[in-house]
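Worksheet for the structure shown next.
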Amino acid sequence: MAEPQAEFAIRVRDLVVGFGRQTVLDHLSLDVRRGEILGLVGASGGGKSVLMRTIIGLIPRRSGTIEVMGQSIGGMHDRSTASTWGILFQQGALFSSLTVRQNVQFPLRENLTLSQELMDEIAIAKLEMVGLRAEDADKYPSELSGGMTKRVALARALALDPPILFLDEPTSGLDPIAAGDFDALIRTLQKTLGLTVFMVTHDLASLTTVCDRVAALADGKIVAVGPIRELLKSEHPWVRAYFHGKRSQMLQTQMR
Amino acid sequence: MNSEPLLLATPSGDKLELRPEGPWIAANVATLEMLSRSVGVNVSQSTAVTLDMSGISALDTLGAWVLEKLSRQAASSGRPAVITGVAEHFSGLLEEVRQVNRHTPALTAAPNPVLLRLNDLGKATIGAREDVAIFLQMLGSLFMALIGVVRRPRSLRLTSLVYQLYRIGFQAIPIVALITFLIGAIIAQQGFFHFRRFGAESYTVDMVGILVLRELGVLIVAIMVAGRSGSAYTAELGSMKMREEIDALSTMGLGPVDVLILPRVAALVIALPILAFIGSIAALYGGGLVAQFYGDMGPAIYIARLHEAVSVTHFKVGILKAPFMALVIGIVACSEGLRVKGSAESLGRQTTTSVVKSIFLVIVLDGLFAIFFASIGM
Ligand SMILES: Nc1ncnc2c1ncn2[C@@H]1O[C@H](COP(=O)(O)OP(=O)(O)OP(=O)(O)O)[C@@H](O)[C@H]1O
Ligand SMILES: [Mg+2]
């Protein structure tokens, strides 16, 4: 929060990313405002994760510019930007040789100097906030269920209360109650800390309840972006199919 | 640009008013810890504590937790703290933090160090027995898989076998040839250097020939293969185990032994004798070069001496050992791979164990063979 108060937390301009002959993102532009929760939807395999990983600097881009908090992201991810964001990978990406507690403490230990006691308390606090019990803290990642892995990864992403949070399908694999708790937690944190959240999700409930704006990714471009109500009215064929398909009926009745 | 966090404590009689100010965020954690510790005594001694939150400019989970701890400390020593002046946008987080760390899981008692040692010793002893059992079990299942293949030759995974042969056999040829060549050359040089003193240079050829064909050729190659291919087997099977690929395979009705292990071990059993042969030839060639340039012994004489010194028996003794060594390396590598647990660390540990164990067993086996061949007079 020490940086100059730019209006946009993330600015992506004309981004092109591809692997070999396949072009995944094709001149994509997207702005994420400071302090908003942006939901990103798109077809499976459409490049959502690739977009997220490119913004973080894990995948090289062919052309285009990316700015995070006013600083342009180079090919290499340097440490100074690394502490401004917390990341939840789609597969969790927990450190397999550390316990759950150590996984959550890892960013704290690396970035802050604090007593072991406080570190333990913070780690447990984060775990309980994402809905795990203190008893689970000494398990190893291989001993967790799929949903628990997600939650630990989320607790690790939140460990430093970073100003920007990247979440790749945070609620997939959670039961609806846990997903609801998660939405509430994200809301609370966003309200208190003014977090900017970039969230890839297919969870229609999350999209309607927590996301300030929703961006739709199709054919390598952002084809629609705006509050969910506007997206529901969008004329783009893919967006129509996404929100007006059979599975979205429930959402439709809810919105009316 | 950010001001420091403060904690103003105003005692009035038995009462204490605490007024945190400034940014209570993770970046200032050292100050926060110091502040909260400094008022700790006052908090536990007062009968009524008021926390006035109106001065806080920024708050995150860590700051909220430090404040929550203060208020819990007050609650535990008598009257709960009265919290006032909470800004609207902080209340959610404070409420969230109030729920956490409410119960501590039962601590497991620290074990007695002596008992711990004894426990480790016991585990190691049982572990050694288990090792033997696992080895025999793997040998048995390989044998069963082999019988299955003999009964139905079409069930042999030919593609996989050929691919493994290419990887561990063909691709290993350059490095095996290079190293055995150098070893052959070094032995020959040492032989000439030391035998020259007794004028027994020509016996160098006997030494090189017998040593290389009987022992060194196959032993060096087996050790190299254990390091090169055994470790690869362990790492491959281990990471497949880690990502539940092996479980997926068994649920499809395919045993990992048939699909993964038999082709790998079979490839080793076929490739190692060939590599040992190539290695021995390279070593003899290295010896020959040294003989020419260091020992002043022309190729014709070298070959003639070699012809006299070694017989097919020596070659047989060496090459017969190769498939058995390959079997040991393959079984150890594959069973260690299957013992990998969920973590990256265990993958590393099992790979190390695999290489160390298979090299050890190869050398032990070589010793047993030496006794065996000596007693049958070969
Ligand atoms: N490292 C990589 N190398 C090659 N191709 C890749 C790589 N990562 C992703 N791709 C390709 O990029 C495309 C987009 O993948 P991406 O993971 O972004 O999909 P997604 O939108 O996140 O889908 P999902 O909703 O299923 O997670 C896919 O066609 C994928 O095969
Ligand atoms: Mg994805």
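The values are calculated or read from the model by the stated rules, or taken from the named source; none is laboratory data. From a predicted model like this one, the values you see are computed outputs, not experimental measurements. Cβ: placed from backbone, ideal geometry, glycine included. Neighbour counts: every protein chain shown. Remember, those area values only see protein heavy atoms, side chains included, never the ligands or the DNA or RNA. Shrake-Rupley method; radii C 1.70, N 1.55, O 1.52, S 1.80 Å.
Could you pull out the residue among B:L361, B:L347 that is within 14 Å of chain A (Cβ to nearest Cβ) and either part of a helix (DSSP H, G or I) or buried (at least 21 other Cβ atoms within 10 Å of the Cβ) (or both)?
The unique qualifying residue is B:L347.
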Just to be sure before I move on: is B:A74 away from chain A (no Cβ under 11 Å) and assigned to a helix (DSSP H, G or I) in the structure I sent? yes
Considering only residues that are without any contact (Cβ under 8 Å) to a residue 60 or more places away in the chain and either open to solvent by less than 70 Å² (accessible area, probe 1.4 Å) or more than 18 Å from B:E236 (Cα to Cα) (or both), which ones fall in segment B:157-169? B:L158
Determine the pairs where a residue that is away from every other protein chain (no Cβ under 14 Å), located within segment A:32-48, has a partner that is basic (K, R) and more than 16 Å from ligand 2 (Cβ to nearest atom) with Cβ atoms under 9 Å apart, the partner being 6 or more residues away or on another chain. A:V32/A:R11; A:V32/A:R213; A:R33/A:R213; A:E36/A:R213; A:I37/A:R187; A:I37/A:R213; A:L38/A:R213; A:G39/A:R213
Residue identified as open to solvent by less than 50 Å² (accessible area, probe 1.4 Å), under 26 Å from B:Q99 (Cβ atoms) and not small (G, A, S) among A:T188, A:T209: A:T188
So which of A:G131, A:G64 is open to solvent by 10 Å² or more (accessible area, probe 1.4 Å), under 24 Å from A:M52 (Cβ atoms), more than 9 Å from chain B (Cβ to nearest Cβ) and assigned to a loop (DSSP other than H, G, I, E, B)? A:G131
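Listed here are the residues, each with its yes/no results for (1) surrounded by fewer than 22 Cβ atoms within 10 Å (Cβ to Cβ); (2) within 16 Å of ligand 2 (Cβ to nearest atom); (3) under 29 Å from A:A205 (Cα atoms); (4) hydroxyl-bearing (S, T, Y).
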{"residue": "A:F8", "(1), (2), (3), (4)": "yes, no, yes, no"}
{"residue": "A:V12", "(1), (2), (3), (4)": "no, no, yes, no"}
{"residue": "A:R21", "(1), (2), (3), (4)": "yes, no, no, no"}
{"residue": "A:D31", "(1), (2), (3), (4)": "yes, no, yes, no"}
{"residue": "A:R34", "(1), (2), (3), (4)": "yes, no, yes, no"}
{"residue": "A:L40", "(1), (2), (3), (4)": "no, yes, yes, no"}
{"residue": "A:S44", "(1), (2), (3), (4)": "yes, yes, yes, yes"}
{"residue": "A:G47", "(1), (2), (3), (4)": "no, yes, yes, no"}
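Test A:L174 against the criterion of being more than 7 Å from every other protein chain (Cβ to nearest Cβ), open to solvent by less than 20 Å² (accessible area, probe 1.4 Å) and of a type outside the set (G, A, S), and give yes or no.
Considered against the rule, which asks whether it is more than 7 Å from every other protein chain (Cβ to nearest Cβ), open to solvent by less than 20 Å² (accessible area, probe 1.4 Å) and of a type outside the set (G, A, S), A:L174 comes out as no.
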Can you name the condition, by its number, that B:L306 falls short on among (1) within 28 Å of A:S142 (Cβ to Cβ); (2) more than 20 Å from the chain's Cα centre (by Cα)? (1)
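Do we have B:V86 as open to solvent by 10 Å² or more (accessible area, probe 1.4 Å), in contact with a Leu (Cβ under 7 Å, 6 or more places away or on another chain) and not in a helix (DSSP H, G or I) here?
Numbers: open to solvent by 10 Å² or more (accessible area, probe 1.4 Å): yes; in contact with a Leu (Cβ under 7 Å, 6 or more places away or on another chain): yes; not in a helix (DSSP H, G or I): yes.
The answer is yes for B:V86.
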Residue that is closer than 27 Å to B:I56 by Cα and part of a helix (DSSP H, G or I), where the choices are A:T188, A:T149: A:T188
Subset of segment B:301-344 that is part of a loop (DSSP other than H, G, I, E, B) and within 14 Å of chain A (Cβ to nearest Cβ) - its residue that is modelled with the lowest pLDDT: B:G342
